[in-house]
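Novice: What follows is a single structure, and I will ask about it in a moment.
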Amino acid sequence: MAIITSEERHGSREDLRKSVKFSDEMPAGDGDGDSNGLLEIRNADLLSISPATAETELRWKKDASIFEYGSAANPEMKPIPVLIHPPELHQEGKTRVIPFDVSDALEIKDSACTSPNLMASFLRINVGDGIGTEVPNATSQAFYVIRGSGRTRVQNNGQEETISWSTGDMFCLPVTRGEVIHMCTAAESHGAAALYWVHDEPLMNYLGATPNVKKFEPTLYKKKDLLEAVEQIRHETGECHKKNRLGVLLGNAKCAQTKTLTHVLWSLLNSIPSDTVQRPHRHNSVALDLCVSAKPGVYTLMGQEIDSNGFIVDPIRCDWVAGGAFITPPGWWHSHHNESEEIAWVLPIQDAGLFTHQRTLDIRFVDDELKLHKAGRIRGSAFAITNKDYTEMVEIGAKVVTSGTGSNKAIGLKRVLSAECFLTSKRLQCTQIGSGTVSSSGSDASLNSTGD
């Protein structure tokens, strides 16, 4: 890389200035202004604007907007809601993609999405069937096997490659041209395999960009390896469950600096022991959480504020149901609670790979923030994370009052959305393999509301 000194830069500017002369600066007798390699600019030319230039300037000015800073620095935008994608969607019906599409609620018009950057869906693949998925504008795709066994076939580096998968496995794909074929060979229940699928095509559509470079190679995580890593952490640290999550971050060798699933995606296989509270934390990324397993009495509390004791103010309660997914909005404080007698598991997938690279993830743990606040300090960034005493075996201090009608649904949960494939240009198109029929992203849709 060439380094230019300030003197050289100044000299270059002077050389450019000397190569351009106005007509009244030209020496006498210079008939053609360019005879000595000088570009002649007449003063009159600066004052005249051609009709074509005037038309161009008028057109360029049409979309220019100027705002008063105070009223526009934080523009009003549709907030990311707390929504649930229940497991009943993938427990019956035909082979299909079941998108968790909330783009209408976010007023995002150029892409189906679950968050501004990501799209999450369930795949239901009946035993003996196959389904093709295709998102050529995604840089990263993650598939987690909720239930069942099968195979996935993909074109990679000009070669057709196939992997086998079963419950608890996960695999990631980089930018991929052509269909990815998923086939179910067996299922332990519901007559079908179920996969949780998240990709970043909404981000690329927003940027108006098409990825042309693979940032990583297809990557496979087997359930056996993940659980062995969790057990190793448990035995090596002993007190890990009292200080942090007892779980493992899923990384990729090509993302050595960020230690994330891909350069965009981030994921954690997190366990919550029985009778345990994982104290509140928050981060700038949106979490698309999949409940891997849980018994009744496991839930997440979410809210925008915490009190002086570190409890969430006016929380929304989201109960965990195995095989279901829910959205945790960015910046919201959230705590995980297990009042059952069995360990619970959750797999959040976030756009935190991108945030980590940008140094803007800003994950904060409530006890660290309270300690700073009591010392009279408020920090602007939590880039250096102490992450001390995150998980504590404490008595649960926040409950959400139920409706009193016998329903288990909490009043705080504002909205539950189950978005099956609507037939519009934005929704994902998928083909069904094995039955000879075509599924054009169409089935039933249900919209239910609870609370206000």
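Novice: Could you figure out which of (1) within 26 Å of Cys291 (Cβ to Cβ); (2) in a loop (DSSP other than H, G, I, E, B); (3) in contact with a strand residue (DSSP E or B) (Cβ under 9 Å, 6 or more places away or on another chain) isn't true of Pro116?
Specialist: With (1) within 26 Å of Cys291 (Cβ to Cβ); (2) in a loop (DSSP other than H, G, I, E, B); (3) in contact with a strand residue (DSSP E or B) (Cβ under 9 Å, 6 or more places away or on another chain) applied to Pro116, the lone miss is (3).
Novice: Please work out if Leu89 is assigned to a strand (DSSP E or B), more than 21 Å from Met204 (Cα to Cα) and touching a residue at least 24 places away in the same chain (Cβ under 8 Å).
Specialist: It is false that Leu89 is assigned to a strand (DSSP E or B), more than 21 Å from Met204 (Cα to Cα) and touching a residue at least 24 places away in the same chain (Cβ under 8 Å).
Residues checked against (1) basic (Lys, Arg); (2) free of Cβ contacts under 8 Å to residues at least 40 places away in the same chain:
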{"residue": "Pro81", "(1), (2)": "no, no"}
{"residue": "Arg96", "(1), (2)": "yes, no"}
{"residue": "Ile131", "(1), (2)": "no, no"}
{"residue": "Val135", "(1), (2)": "no, no"}
{"residue": "Arg151", "(1), (2)": "yes, yes"}
{"residue": "Pro174", "(1), (2)": "no, no"}
{"residue": "Ile181", "(1), (2)": "no, no"}
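Novice: Let me ask something additional. Of the conditions (1) crowded, with 19+ Cβ neighbours inside 10 Å; (2) under 23 Å from Ala375 (Cα atoms), Gln304 fails just one. Which one is it?
Specialist: The single condition Gln304 does not satisfy is (1).
Novice: I need a count of the residues in region 96-113 that are buried (at least 21 other Cβ atoms within 10 Å of the Cβ) and in a loop (DSSP other than H, G, I, E, B).
Specialist: Matching residues across region 96-113 total 5.
Novice: Looking at region 226-262 only, could you name the residues that are at pLDDT 85 or above, out of contact with any strand residue (DSSP E or B) (no Cβ under 7 Å at 6 or more places or on another chain) and not in a helix (DSSP H, G or I)?
Specialist: Scanning region 226-262 gives Gly251, Ala256, Gln257, Thr258.
Listed here are the residues, each with its yes/no results for (1) buried (at least 16 other Cβ atoms within 10 Å of the Cβ); (2) in contact with a Leu (Cβ under 9 Å, 6 or more places away or on another chain); (3) closer than 21 Å to Leu250 by Cβ.
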| residue | (1), (2), (3) |
| --- | --- |
| Pro174 | yes, no, yes |
| Glu179 | yes, no, no |
| Glu188 | no, no, no |
| Tyr206 | no, no, no |
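Novice: When you scan region 106-118, do you find a residue that is modelled with pLDDT under 95, farther than 16 Å from Val198 by Cβ and either in contact with a helix residue (DSSP H, G or I) (Cβ under 6 Å, 6 or more places away or on another chain) or among the small types (Gly, Ala, Ser) (or both), even just one?
Specialist: Looking through region 106-118, at least one residue is modelled with pLDDT under 95, farther than 16 Å from Val198 by Cβ and either in contact with a helix residue (DSSP H, G or I) (Cβ under 6 Å, 6 or more places away or on another chain) or among the small types (Gly, Ala, Ser) (or both).
Novice: Determine which single condition Ala194 fails, assuming it passes every other condition in (1) in a strand (DSSP E or B); (2) surrounded by fewer than 17 Cβ atoms within 10 Å (Cβ to Cβ); (3) in contact (Cβ under 8 Å) with a residue 40 or more places away in the chain.
Specialist: Unmet for Ala194, out of (1) in a strand (DSSP E or B); (2) surrounded by fewer than 17 Cβ atoms within 10 Å (Cβ to Cβ); (3) in contact (Cβ under 8 Å) with a residue 40 or more places away in the chain: (2).
Novice: Looking at region 125-148, can you tell me whether even one residue there is buried (at least 23 other Cβ atoms within 10 Å of the Cβ), out of contact with any Leu (no Cβ under 6 Å at 6 or more places or on another chain) and on the phi > 0 side of the Ramachandran plot?
Specialist: yes
The values are calculated or read from the model by the stated rules, or taken from the named source; none is laboratory data. Please read these numbers as outputs of a predicted model, since none were measured by experiment. Cβ coordinates were reconstructed from backbone atoms using ideal geometry, including for glycine residues, and neighbour counts include every protein chain displayed.
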